[in-house]
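The values are calculated or read from the model by the stated rules, or taken from the named source; none is laboratory data. These numbers were taken from a predicted model, which means no experiment stands behind them. All Cβ positions, glycine included, derive from the backbone under ideal geometry; neighbour counts span all protein chains shown. Note: accessible area is taken over every heavy atom of the protein model, side chains too, but ligands, DNA and RNA are not part of it. Shrake-Rupley method; radii C 1.70, N 1.55, O 1.52, S 1.80 Å.
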Amino acid sequence: MFAPRGAFSLARTSARFARLPDPVNVAVDGSFARLVPAGDELALVRVSQEGPTSRARLRVRIDGAGGDAAERAARRLLERVLGAGADLRPFQRALGPDPLLGAALRAHRGLRVAGAFDLFEALVNAVLTQQVNLQFAFSIRAELVRAFGARASIDGREWFAFPSAERVAQASEAELRAFRLTAAKAGTIARLARACASRELDESLLAPLSDDAAIAALMRWKGVGRWTAEIVLLRGLGRLDVFPAGDLAVVKRLARIWLGTDEPAKEAEMRAFSERWRPFRSLALVYGLESLAAAIEPKARTR
């Protein structure tokens, strides 16, 4: 049993996965399951919630693998994919009275930053979503998963794991282009796969860096701009004070709500505006986006 610190809602957090074409993160009826690497094996980690949002407890079941590796994989899933490792209590105390975010915190109580299991997955997700909507990007992701991801049959169902960097590194750029990728995106994913497989690009190298230094380190790789690097930190590395101010949902839609303007805002303007929410800008953005997603048509879902 895992006890999150602060309010937690598995249903609200995993809803992001449920509304995307994602064969890896399976969210059904308030429960969540995912096949993840556990050493040399694959572990199916299933999560359900007991208790109310204010005193949530997460029950975890692991199938297909056992031992310390499976337990570490399950904990990583809780902390990174479901955001349950963060302590939301300081955020809730600090921004609960906020005139712009207070209502969102109450309406979506227990929402966490839903993210990726590891750095490579976060990088691929960010590259796929460059300049396209999430539905289209995740439809390509689903095709990559089915082509390159490991799979396991458990309880009469086939489960998919996100492809490893090592497996994708074996594919040529021409093979990746066949998945409706532009030449630039195929090249970027191929480079990042090789870098992650060789550990030239590794989460352990980014962990001791500040947010700005980690962003700069990622931007040294061709095809990774500031927005992509910020999305990786926010959705992949669990950083709680990252604000991708250049995101289209931020400058075009959230700006109208937060700034009260009819015209798109400039990236610098939104970055400066977000300073009021330090050191919780990732969480502030996620709550803002969730409020936006609840108010717009499903086909226009945001990041």
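Pick from ASP98, ASP155, ASP212: which residue has the top mean-square fluctuation in a GNM of the chain where Cα pairs under 10 Å get a spring?
ASP155
Among ALA174, ALA18, ALA126, which one shows the highest mean-square fluctuation when the chain is modelled as a Gaussian network with alpha-carbon springs under 10 Å?
Among ALA174, ALA18, ALA126, the largest GNM mean-square fluctuation belongs to ALA174.
Out of ILE140, HIS108, LEU181, whose Cα points farthest toward the positive end of the dipole of the stretch 51-184 (charges: +1 Lys, Arg; -1 Asp, Glu; placed on Cβ)?
It is HIS108.
Each residue of the stretch 69-81 in order: what ³J(HN,Hα) in whole Hz does its phi give by Karplus 6.51 cos²θ - 1.76 cosθ + 1.60, θ = phi - 60°, with x for Gly and Pro?
4, 5, 5, 5, 5, 5, 5, 5, 4, 4, 7, 9, 6
On a full-extension model of 0.36 nm per residue, what is the gain between ARG226 and ARG177, subtracting their alpha-carbon distance, rounded to one decimal in nm?
That works out to 15.3 nm of additional length.
Where nothing but the Cβ of Lys and Arg (+1) and of Asp and Glu (-1) is charged, how large is the charge dipole of the stretch 120-228 around its Cα centre, in debye to the nearest 20? If you can, show how the numbers build up before the last one.
Working: 14 positive and 12 negative charges, 76 e Å.
Dipole of the stretch 120-228, to the nearest 20 debye: 360 debye.
Using the reciprocal of the averaged 1/r over all distinct C-alpha pairs, how large is the Kirkwood radius of the stretch 166-303 in Å?
16.6 Å
Taking all protein chains in place and a 1.4 Å probe, what share, in percent, of the accessible surface of the chain do carbon and sulfur account for?
Solvent-exposed carbon and sulfur of the chain make up 50 percent of the total.
Say we join alpha carbon atoms closer than 10 Å with springs in a Gaussian network model of the chain; which of GLY156, GLY102, GLY67 then has the biggest fluctuation?
So, out of GLY156, GLY102, GLY67, the one fluctuating most is GLY156.
Using just the helices of the chain, give the 222 nm mean residue ellipticity in deg cm²/dmol: DSSP H runs with n ≥ 4 each add -39,500 (n - 2.57), and the total is spread over all residues, rounded to 500.
-12000 deg cm²/dmol
So for the stretch 85-153, considering every pair of alpha-carbon atoms, how many percent are separated by more than 19 Å?
Beyond 19 Å sits 54 percent of the P(r) for the stretch 85-153.
Compute, for the chain, the length of the dipole vector about the Cα centre, with Cβ point charges of +1 (Lys, Arg) and -1 (Asp, Glu) only. Units Debye, rounded to 20. Walk me through the intermediate numbers first.
Numbers: 46 positive and 34 negative charges, 120 e Å.
Dipole about the Cα centre, nearest 20: 580 debye.
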